[in-house]
Amino acid sequence: MKRIYLYILFVVFSFTIAKAQSSLIDLTFETDFDFREKDQIHVIRVQPDGKILVGGQFLFEGTKSRIHNILRLNADGTLDAGFNAESSFFDYGVTAILIQPDGKLLVFGFKTKSNGIYSYRIVLLNKDGSLDHPFDLQPTGGLYHISAGTNGEIIAVHNPNTSFKTSFLKMLNSDITFNTSFKLGSYEFNNYINSYTLRPDGKMIVGGYFKKIKFLGKEFSYNYLVQFNGDGSIDTAFVVDKRIEMPIGISRIVLQDDDKLLLHGSFYLDKGIHAKGLIRLNTDGKLDTTFNFINSFVIPNLYLQKDGKVIIGSRRINQDGSLDSTFVPGFNKEPTGAYYYDKNRILMTGPFNSFDSHLRSKIARLFIEADSSNLGLNSSGVSEINFSVSPNPSTGLFVIKSHSTIKNILVTDLVGKEVLRIEPTSKEVNIDLTGKSNGVYFIKIFSNNKSVSKKILKLE
């Protein structure tokens, strides 16, 4: 009876997974290496040629050199061996990457000093990752939430002393000196600035954990959110709805095309009756009551689509805040980042190591909408790697047959833990899992510089 039950579960599980992966996962993208469990991706930037810059905290040995906290992927996810950044540049992590008009890279991050204290560092890299001498700056304090402005300028949050929470909003010149003509640079916030965005009319909205703002010797009370006019003055006409209480502050601000604001943070409405993690404001700061998002899960990231839908972790909500049931990614752990790749696809990052039956180490590319016409299949609709596994289910002995020579085989359990790895270099391979626990496993084979995965079930 237990065997029948497991088999039914396997069939249902396989059908559900296949339906999700066929509509969302981009099978043409997969890394040819694995990140460590503790590795983290902090930033993604896509070059005009489709190559992908990745920054964060990670370490592994590349084909030519040690890969440390910054790398570049080809459009298919494989490691770009032509990009080699010196590993000592940012041994404590990369926090931001800006692609310059000439293709060079402005990279921000931290370097550990000999006494264990880290210092902030900014370098300009050539297209191949080499240092553009002598551009290597170490400004006082740290720069965070770095972004490119509309006219090529650089906006950043500056913490002059990383031991204190005092924050300034600064504009940087091309040589990374502070632009003293930037009118908002003189405002001192008494706590962290977490997010900011610029409206089309030149006004800027700033959010974070601050409650006080100092300017020219005067102090103003603004709990977590303030809007500035284009001339640098505080926009007193923008008043946050009194129904909204913010016990902690604002983590993220996203500006919609209709000029409404999505706010991610901790909010209470109607004197604490309703708790929410995501709300929407109208242009004047009033609560948008047409947006009714029921927050029943953690919000690790926000990604606004052109159609107004919002991706939150592994879920997506419609314009009215309701859950979009057509977007059901199959990550084994919740994604923490989402980034634009092209008009049809996004890159998602996080602690996951699989997407349904496909191994994906901390980065995956998905279709924004269900699309079965571009799934890494050839013109006949058949996967570029044709192989079979039989019998399946099995008591532990499986036979893999492929039309092409199998270079490598990786077997993992449901949580992505490696169970078996072999290099057969043949078209038919026997796999023995008789000593392993009963349940679902994933077999991934590599052939002709491609890879594909399949589920198997081991029974008694």
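The values are calculated or read from the model by the stated rules, or taken from the named source; none is laboratory data. Note that the structure is predicted; figures quoted are calculated from it, not measured. When we count neighbours, we look across all protein chains shown, and the Cβ atoms used for this are built from the backbone with ideal geometry, even at glycine.
Which of the residues spanning segment 183-218 are farther than 16 Å from residue 255 by Cβ and hydroxyl-bearing (Ser, Thr, Tyr)?
Passing the criteria: 186, 187, 192, 209.
Here are 431, 363, 346: which of them is surrounded by 16 or more Cβ atoms within 10 Å (Cβ to Cβ), modelled with pLDDT of 90 or more and more than 30 Å from residue 48 (Cβ to Cβ)? Spell out how you get there, then give the answer.
Details: 363 fails: more than 30 Å from residue 48 (Cβ to Cβ); 346 fails: more than 30 Å from residue 48 (Cβ to Cβ).
Residue meeting the stated conditions: 431.
Can you name every residue in segment 434-460 that is in contact with a Ser or Thr (Cβ under 8 Å, 6 or more places away or on another chain), over 20 Å from residue 31 (Cα atoms), outside any strand (DSSP E or B) and not acidic (Asp, Glu)?
Once the filter is applied, which keeps residues that are in contact with a Ser or Thr (Cβ under 8 Å, 6 or more places away or on another chain), over 20 Å from residue 31 (Cα atoms), outside any strand (DSSP E or B) and not acidic (Asp, Glu), segment 434-460 yields 434, 459.
Among the residues of segment 38-57, are any within 19 Å of residue 125 (Cβ to Cβ), at pLDDT below 90 and surrounded by 15 or more Cβ atoms within 10 Å (Cβ to Cβ)?
Within segment 38-57 (the criterion being within 19 Å of residue 125 (Cβ to Cβ), at pLDDT below 90 and surrounded by 15 or more Cβ atoms within 10 Å (Cβ to Cβ)), the answer is no, since none of the residues qualifies.
Specify which of the listed residues (254, 239) is farther than 27 Å from residue 336 by Cβ and assigned by TED's automatic domain parsing to the domain that holds residue 267. So that I can check it myself, show each step before the final result.
Details: 254 fails: farther than 27 Å from residue 336 by Cβ.
It is 239.
Looking at residue 422, is it more than 30 Å from residue 344 (Cβ to Cβ), out of contact with any Lys or Arg (no Cβ under 7 Å at 6 or more places or on another chain), modelled with pLDDT of 80 or more and not polar (S, T, N, Q)?
On the way: more than 30 Å from residue 344 (Cβ to Cβ): yes; out of contact with any Lys or Arg (no Cβ under 7 Å at 6 or more places or on another chain): yes; modelled with pLDDT of 80 or more: yes; not polar (S, T, N, Q): yes.
Taking the combined requirement at face value, the residue satisfies it.
Quick check on residue 426: is it surrounded by 18 or more Cβ atoms within 10 Å (Cβ to Cβ), among the hydroxyl-bearing types (Ser, Thr, Tyr) and assigned by TED's automatic domain parsing to the domain that holds residue 395? Break it down stepwise before answering.
Working: surrounded by 18 or more Cβ atoms within 10 Å (Cβ to Cβ): no; among the hydroxyl-bearing types (Ser, Thr, Tyr): yes; assigned by TED's automatic domain parsing to the domain that holds residue 395: yes.
So residue 426 does not fit the description; no.
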